[in-house]
Amino acid sequence: MNTIKQYLKTDLCSGCGMCSGICPAGHIVIADNTFGEYRPVAGELACTECGLCLRVCPFIEDTTNNEEAIGAGLFGVVPGIRKNPFCGYYLASYVGYSPGHRMKSASGGCATWFLERLLEKGIVDAVLCVGHGSGPDRLFDYRVASTPEMLRECSKSAYYPVEMSRIIKMLREDRRKFAIIGLPCFIKAVQRAREASPRLKERLVITAGITCGHLPAKSMTQEVAISIGRNPREITRVTFRVKSDDTKATQYCTEYTLKNCETARAYTELEKSFFSRLFTQRSCDFCDDIFAECADVSFMDAWLPEYADERRGMSLVIARSELCTSVFTDAPSAIQPIAIDRVVESQTSVGLIRYKREAIYARIKAARLCRREVPQKRAIRQPLRRMPLLLAEAACDSLARRSIRRWWPSVMGNYSLITKMKRHANFWLNSKKNISNIYSLPFRIIDIIKGSRR
């Protein structure tokens, strides 16, 4: 058994590429499918059935190697450590921004500032981070940043899939010390790989995580380009979360650069596509890690009411190791401590707690009713009265995504079909909204009556 067979069995893969990077036989290679998702496929070399790829896969787990177990092993004995049921272990939490990095970052620039400090202090020799890629089929990729200038080129968020196989293979020969930043499932795979490989454990000394709602396929970026009248095959560069005086931090302005050097901006289209989850990967439906609990330090947007009108962006930080908290002792004055409950509140307000800890309960039930294999997750058991609604919402989401995947090959052959594709998908999204309103109406009326009797 290897991750290729496991993926074909469960359809749960985030395309992180760790299985390919760590495969000693070179059997597993990473390729993207027609929807723009990275997936493991068999290469020319034979599999030795060593099972190493299964040990590092973030979606093959039990209670001995999930986020809880990994976090306990890494941070459970740190002096002064505390634990929150949603964000895991934490030593300190901060809010603020870095004046020198803020405008060129997705939020407050704290992640870029922190990684720069690691380089300046000599804690690491280079940082493995996501930056612009090599061509239209790989607009973003992992890069090695050994100077602050190189790091600043990678300071923006990327709502685009990447994979780690190339950089993990590089670490076999490169003896320098590295920090790596990535999504929760990527960092989980890194920690499991560090446990399996002493060489990786020696060379990957700091892990930084980014709070994640879900990882979209490449097709989302292409769909947004088509929506603003641009040919996705002409794209040479994409910049997400562009900041300006006429946009708020909550607006996901996206800038496209085409082969003829023309630029075009999408002001609301990416935001709509991203939050509709039409292009999300199936594995994201069965992920319960919001705050990158396996990382030494986690970064996220400060989605709190007091920062709602802040155009330049604010960051929240969770530090879990003594080394990371020591770096923040000389942080800019604009970075201040904040209660961990406020950090959790910031992601509750955008629906991540509901989606990844509450609604996941119904998705797991539905998958098992259909006899599909899913890992054991930390789902919050839901009241019986909510289950019909949650199951209906999950069904509508699934049907909307199936519609997108069914139409996508035709859309890439004829861009005029995008309106028809969206109409089919929006039918199910609107149905979900209508079902929710109708189902919750009687309960709202009952709550009003009970309140009036008090």
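Spread over its residues, the convex hull of the C-alpha atoms of the chain is 164 Å³ per residue.
What does the charge count near GLY313 come to, summing +1 for each Lys or Arg and -1 for each Asp or Glu among other residues with Cβ under 9 Å from its Cβ? Within the 9 Å Cβ shell, the charges total +3.
Charge tally around PHE443: other residues with Cβ under 10 Å, Lys/Arg +1 each, Asp/Glu -1 each, net +2. Close amide-amide hydrogen proximity is noted between ILE335 and TYR97, each under 5 Å apart and 5 or more residues distant or on a separate chain (H modeled in the peptide plane; Pro and chain starts excluded).
Ranking of ARG203, ARG381, ARG237 by neighbouring Cβ atoms within 10 Å, starting from the fewest: ARG381, ARG237, ARG203.
For the listed residue pairs LYS156/LYS420; LYS9/LYS356; LYS104/LYS377, the alpha carbons are over 31 angstrom apart in LYS156/LYS420; LYS104/LYS377.
Restricted to Cα atoms, region 92-169 shows a radius of gyration and a Dmax of 13.1, 40 angstrom. Couplings 3J(HN,Hα) for region 214-225, derived from phi with the Karplus relation 6.51 cos²θ - 1.76 cosθ + 1.60 (θ = phi - 60°), are 5, 10, x, 7, 4, 4, 5, 4, 5, 5, 5, 4 Hz, where x marks Gly and Pro. Compute the Cα gyration tensor for region 31-71, then decide on rounded, prolate or oblate, letting a ≥ b ≥ c be the square roots of its eigenvalues: rounded whenever a/c is under 1.5, prolate when a/b is larger than b/c in the other cases, and oblate in all that remain. Oblate, since a/c reaches 1.5 and b/c is not below a/b. Kirkwood hydrodynamic radius (Cα pairs, Å) of region 158-245? After inverting the mean inverse Cα-Cα distance, the result is 15.4 Å.
Counting only residues at least eight positions apart within a chain, or on another chain, the lysines with an alpha carbon under 26 Å from that of LYS201 are LYS83, LYS121, LYS169, LYS177, LYS188. Residues in region 398-405 carry Karplus couplings, in order, of 5, 5, 5, 5, 4, 4, 4, 5 Hz; the curve used is 6.51 cos²θ - 1.76 cosθ + 1.60 with θ = phi - 60°, and Gly or Pro positions show x. Under 5 Å between amide hydrogens, built in the peptide plane, is the criterion, and for TYR89 it picks out ASN84 among residues at least 5 positions away or on other chains.
Divided by 2.2 N^0.38 Å, where N counts the residues, the Cα radius of gyration of region 44-122 comes to 1.61.
Couplings for region 169-179, taken from phi via the Karplus curve 6.51 cos²θ - 1.76 cosθ + 1.60 with θ = phi - 60°, read 5, 4, 5, 5, 9, 7, 8, 6, 9, 10, 10 Hz in order; Gly and Pro are left as x. Note on GLU44, GLU202: ascending count of other Cβ atoms within 10 Å places them as GLU44, GLU202, the fewest first. Extending 7 Å from Cα along the Cβ direction at GLU120 and again at VAL78 yields two label points whose distance is 2.2 nm.
Read-outs throughout are calculated quantities, based only on the coordinates presented, and are distinct from any laboratory measurement. Values in this document were obtained by computation on a predicted structure and should not be read as measured data. Glycine gets a Cβ as well: all are built from the backbone with ideal geometry, and neighbour counts include every protein chain shown.
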